[in-house]
Amino acid sequence: MADQRVLVPRWVQLVMLPLVILALWAVLEAAGRVLLLFIIGALVALILNPFVSLLRRAGCPRGLAVLIVMLCVVAAIVAIGFLLANPVADQVDAFRDNVPDIVDDANATLADVQRWLDENGINVQIAEEGETALGTLGQNLSEGSGELVSFTQDALRTLVEASLALILVIVISVYMLLYGERIGAGVRSLVHSIDADDYPLRIQRAVFGYVRGQILFSLIMGTSAGLMLWVLGSLGIFPDGKTYALFFGAWYGFAELIPYIGPAIGAAPPVLIALFSGEPLDALWLTIAFTALQQIEGHIVAPNVFAQALRINPLLVIFALLLGG
């Protein structure tokens with residue numbers, strides 16, 4: 001029997017194609033959070049799969065290898081938490097005890113600014129007489145108690161949703177690790193991958209290299225920021241930098257995980273504290289120091305770290321950073 005093909009009129013194709021695209025877009029938009037969870041789970045599985053493969057080559061069953069790797073990840077996170085908990089907690093407690101002094105300095109600074117505004121005939125009220133910053137904060141909290149309750153409820157709901165999402169990501173990554181060989185075989189069949197140019201393996205190496213580079217980059221920048229603050233504090237510029245160098249360095253390293261605005265978020269706490277500590281000049285020196293550190297980060301550290309991790313030319317890394325910015 002001859003092959004009879006159904007010819008679809010051109011006008012039907014022109015009408016149906018946009019409708020199909022819109023339908024797919026609507027489905028993807030509705031399932032956006034689900035897709036995000038699966039993407040994160042897939043990335044976690046890609047990062048951990050090399051360790052599972054290593055245990056598999058040693059003769060360990062895949063299920064047991066996945067269990068061992070996940071337990072090792074949990075143990076590593078707990079160990080890092082224990083190592084950093086005491087030093088960071090001590091500096092956080094010291095900083096908390098120092099908050100009243102910081103508030104007093106902020107009040108004095110605001111009073112000086114208000115006095116200068118009054119003397120120059122500028123009708124702007126930033127500090128009312130007899131009212132401290134701490135009192136203003138308490139009054140605002142009292143007046144906005146309803147908003148505070150609403151914020152607490154929203155924060156609690158967000159925490160519960162984040163916990164459930166984390167559990168789902170772990171479950172998805174575990175299943176992807178368990179069925180990793182089948183998933184890899186399916187991808188190879190779709191892209192006609194060969195052993196000499198194994199596409200799934202290239203993706204895995206690229207993701208693993210990027211994560212390794214990002215972690216190394218955050219460690220370098222966090223250590224550099226902490227050391228810089230310690231040196232400045234030792235020289236008498238922002239003395240609190242020497243006291244809280246570990247805390248601020250750890251915060252700066254963590255903030256580097258946030259794309260683009262991470263350096264600004266990491267530098268904000270020490271600069272703001274210096275600004276309201278009665279020595280605004282220290283805030284200027286800190287701003288200059290962090291700006292110089294970010295220039296070194298963007299032009300020296302990032303290109304070389306990611307060039308080694310991703311095996312690409314540093315010039316391409318600089319171009320990608322500038323283009324992304």
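Remarks
- Subset of region 247-263 that is among the hydrophobic types (A, V, I, L, M, F, W, C) and at pLDDT 85 or above - its residue that is surrounded by the fewest Cβ atoms within 10 Å (Cβ to Cβ): 254
- Inside region 223-255, residues that are in contact (Cβ under 8 Å) with a residue 40 or more places away in the chain and more than 23 Å from residue 281 (Cα to Cα) make up a count of 1.
- You will find that of 5, 33, 57, the residue that is charged (D, E, K, R), modelled with pLDDT under 70 and open to solvent by 100 Å² or more (accessible area, probe 1.4 Å) is 5 and no other.
The values are calculated or read from the model by the stated rules, or taken from the named source; none is laboratory data. As the structure is a computational prediction, the values presented were derived from the model and not from experiment. Note that each Cβ is placed from the backbone with ideal geometry, even for glycine, and that neighbours are counted across all protein chains shown. For the accessible areas, the whole protein counts, side chains as well, though only heavy atoms, and no ligand, DNA or RNA atoms are used. Shrake-Rupley method; radii C 1.70, N 1.55, O 1.52, S 1.80 Å.
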